[in-house]
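The values are calculated or read from the model by the stated rules, or taken from the named source; none is laboratory data. Note that the structure is a prediction, hence the values are computed from the model and not measured. So basically every Cβ, Gly included, is an ideal-geometry build from the backbone, and we count neighbours across all protein chains shown.
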Amino acid sequence: AGNMGCIPPQPGFLEGLKAVCSAHGTLLIFDEVMTGFRLAEGGAAEVYGVVPDMVCFGKVIGGGLPVGAFAARREIMAHLAPEGPVYQAGTLSGNPLAMSAGFTLLSELHAAPEVYAGLAERGASLAQGIREVMTEKSVPHQVNQVGSMLSLHLCEAPVVDFDTAKAGDNAHFKALFHHMLDAGIYLPPSAYESWFLCSLIDDAAQDQTLTALRSFNPS
């Protein structure tokens, strides 16, 4: 999940969903608007080894520009026009500028798959650094991280779903957001939004982030 902070699936959850869907003849649909082409070239499906029947994508495939798309197994897509009877169109479908930007981005990623490993390494390093700083400051916290996505939750219990995410101290997170912004670090303004890292974040940027975090006084 990404809109309650970064919350990875519990072990066996996705596999269980696939088994239930298969048992009842129901399509398994993954929303990969955030994770598609961000966590890996095959998205979260590749990371967790569970292949859905359908998948939704967002502006990552537009190089950051507005776009929406879905994909599915061949036999499902065959129902769409012009091969099949189902007509599909939309405002965010096929904009030439977004398609050009997306094609360029995805071509770059396909040619340099090592980018994903580097982003995952950076994400793990930053997440561990945040844990160390918050522990030093005796601030209750949980840091969830998957690849280049992570979240800092200001609470004591592990954050595994929306109910546990709501246990976070949103007032302190608001203060943290403004503190970090004053220090030149732009975090998502809501505790329920994931942090997205890019390949330009280097050791210096990570050190700047942790230094700013270290000077935060939550009291």
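So that you can scan it fast, the table gives a plain yes or no per residue for (1) farther than 16 Å from L39 by Cα; (2) surrounded by 12 or more Cβ atoms within 10 Å (Cβ to Cβ):
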| position | (1), (2) |
| --- | --- |
| S93 | yes, yes |
| S100 | yes, yes |
| H110 | no, no |
| P113 | no, no |
| A120 | no, yes |
| G123 | no, yes |
| V143 | yes, yes |
| S148 | no, yes |
| H153 | yes, yes |
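Test of understanding: among D182, D163, D169, which residue is out of contact with any helix residue (DSSP H, G or I) (no Cβ under 7 Å at 6 or more places or on another chain), of a type in the set (D, E) and crowded, with 17+ Cβ neighbours inside 10 Å?
Going through D182, D163, D169 in turn, just one is out of contact with any helix residue (DSSP H, G or I) (no Cβ under 7 Å at 6 or more places or on another chain), of a type in the set (D, E) and crowded, with 17+ Cβ neighbours inside 10 Å: D169.
Could you please find all residues in region 45-63 being of a type in the set (G, A, S) and in contact (Cβ under 8 Å) with a residue 40 or more places away in the chain?
Result: G62, G63.
Can you tell me which of (1) in contact (Cβ under 8 Å) with a residue 40 or more places away in the chain; (2) within 19 Å of the chain's Cα centre (by Cα) is the one T104 doesn't meet?
(2)
Looking at L39 and the list (1) under 20 Å from A165 (Cα atoms); (2) of a type outside the set (V, I, T); (3) modelled with pLDDT of 95 or more; (4) surrounded by 15 or more Cβ atoms within 10 Å (Cβ to Cβ), which single condition is not satisfied?
Of (1) under 20 Å from A165 (Cα atoms); (2) of a type outside the set (V, I, T); (3) modelled with pLDDT of 95 or more; (4) surrounded by 15 or more Cβ atoms within 10 Å (Cβ to Cβ), only one is false for L39: (1).
Looking at region 6-27, which of the residues that are in contact (Cβ under 8 Å) with a residue 24 or more places away in the chain and farther than 25 Å from S151 by Cβ is surrounded by the fewest Cβ atoms within 10 Å (Cβ to Cβ)?
Among residues in region 6-27 that are in contact (Cβ under 8 Å) with a residue 24 or more places away in the chain and farther than 25 Å from S151 by Cβ, the one surrounded by the fewest Cβ atoms within 10 Å (Cβ to Cβ) is L27.
What about T26, is it of a type in the set (V, I, T), out of contact with any strand residue (DSSP E or B) (no Cβ under 8 Å at 6 or more places or on another chain), part of a loop (DSSP other than H, G, I, E, B) and at pLDDT 95 or above?
Yes; evaluated as a whole, the condition is true for this residue.
Could you tell me which numbered condition A127 fails, if it satisfies all but one of (1) surrounded by fewer than 18 Cβ atoms within 10 Å (Cβ to Cβ); (2) free of Cβ contacts under 8 Å to residues at least 40 places away in the same chain?
(1)
Would you please name the residue that is farthest from A1 (Cα to Cα), looking only at residues in region 44-68 that are buried (at least 21 other Cβ atoms within 10 Å of the Cβ) and in contact with a strand residue (DSSP E or B) (Cβ under 7 Å, 6 or more places away or on another chain)?
I61
Say we look at region 1-48 and pick out the residues that are under 19 Å from C198 (Cα atoms) and among the acidic types (D, E); which of these is nearest to the chain's Cα centre (by Cα)?
Among those residues, the one meeting the criterion is E32.
So which pairs qualify, if the first residue must be in region 154-183 and under 17 Å from L213 (Cβ atoms), the second must be loosely packed, with under 13 Cβ neighbours inside 10 Å, the Cβ gap must be under 7 Å, and the two must be at least 6 apart or on different chains?
The qualifying pairs are F177/P189.
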